[in-house]
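Just below is one structure, and these are the notes that go with it.
The values are calculated or read from the model by the stated rules, or taken from the named source; none is laboratory data. Computed from a predicted model, the values in this text were never measured in an experiment. With ideal geometry, Cβ positions are generated from the backbone for all residues, glycine too; neighbour counts draw on all protein chains shown. For the accessible areas, the whole protein counts, side chains as well, though only heavy atoms, and no ligand, DNA or RNA atoms are used. Shrake-Rupley method; radii C 1.70, N 1.55, O 1.52, S 1.80 Å.
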Amino acid sequence: AQSVTQLGSHVSVSEGALVLLRCNYSSSVPPYLFWYVQYPNQGLQLLLKYTSAATLVKGINGFEAEFKKSETSFHLTKPSAHMSDAAEYFCAVSLRASGNQFYFGTGTSLTVIP
Amino acid sequence: ETGVTQSPTHLIKTRGQQVTLRCSSQSGHNTVSWYQQALGQGPQFIFQYYREEENGRGNFPPRFSGLQFPNYSSELNVNALELDDSALYLCASSPPGADSYNEQFFGPGTRLTVL
């Protein structure tokens, strides 16, 4: 079975501070991992994805994530938060050889304080 | 390049009714997946269609059904609506190959309210 756990349903940071959103996965086979962002009343937009190449993945808008197999984690970071980063963030896992079926975490709502 | 589009944007139904939601995939994409996103939750996989055939299904009852057409657009049908079916329904398309590493491109969703 596979699952995704996002620790912290709400995270608040000050503008300019480090953003850290946590994601842990449970999978019996090597996964592919994704981070999506959702702004109010919109669909999901891909931030970045891990597909077994480099473990440190850089995405759009200054975000990056590091795949750590030993910790089964794929945490999302950004060095300096911007007001426009306020949104809902979802971590998702897709399993090799299972087709393109995604399993999402419950999401983390990021608030940026001016 | 046109992205994934969904219609309608909002819909209100009553318990027991039936509903059809529509999705046009991104140009060149032949795989469509449907997700249900309840308020405050992450998207839950409903099913996926690849070349007009169902290619995987999540933990949803048979009253959730779908279709994919030769132009790769898709419909989600829900019969005998229940209050818990109120949610944002997201459609996502993927490019040929339908490999697990393929990004899914999401539409803006249809907000369904069941009264």
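Restricting the search to segment B:39-53, which residues are part of a strand (DSSP E or B) and modelled with pLDDT of 90 or more?
Taking segment B:39-53 as the starting set, the residues that turn out to be part of a strand (DSSP E or B) are B:44-50, B:53.
If the condition is that a residue be part of a strand (DSSP E or B) and modelled with pLDDT of 90 or more, then B:Gln44, B:Phe45, B:Ile46, B:Phe47, B:Gln48, B:Tyr49, B:Glu53 are the ones that fit.
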Counting only residues that are modelled with pLDDT of 90 or more, within 11 Å of chain A (Cβ to nearest Cβ) and assigned to a loop (DSSP other than H, G, I, E, B), segment B:4-38 contains a total of 3
For segment A:42-76 the number of residues that are open to solvent by less than 20 Å² (accessible area, probe 1.4 Å) and assigned to a loop (DSSP other than H, G, I, E, B) is 2
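Do we have A:Phe90 as touching a Pro at 6+ places or on another chain (Cβ under 8 Å), within 9 Å of chain B (Cβ to nearest Cβ) and modelled with pLDDT under 95 here? Walk me through it before giving the result.
Numbers: touching a Pro at 6+ places or on another chain (Cβ under 8 Å): yes; within 9 Å of chain B (Cβ to nearest Cβ): yes; modelled with pLDDT under 95: no.
Spelling it out, it is not the case that A:Phe90 is touching a Pro at 6+ places or on another chain (Cβ under 8 Å), within 9 Å of chain B (Cβ to nearest Cβ) and modelled with pLDDT under 95.
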Checked against (1) surrounded by 14 or more Cβ atoms within 10 Å (Cβ to Cβ); (2) away from chain B (no Cβ under 11 Å), A:Gln38 satisfies every condition except (2)
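Would you confirm whether or not segment B:89-111 contains a residue that is farther than 19 Å from A:Phe90 by Cβ, under 14 Å from the mean Cα position of the chain (by Cα) and more than 10 Å from chain A (Cβ to nearest Cβ)?
Residues of segment B:89-111 that are farther than 19 Å from A:Phe90 by Cβ, as a first pass: B:95-99.
Subset that is under 14 Å from the mean Cα position of the chain (by Cα): none.
No.
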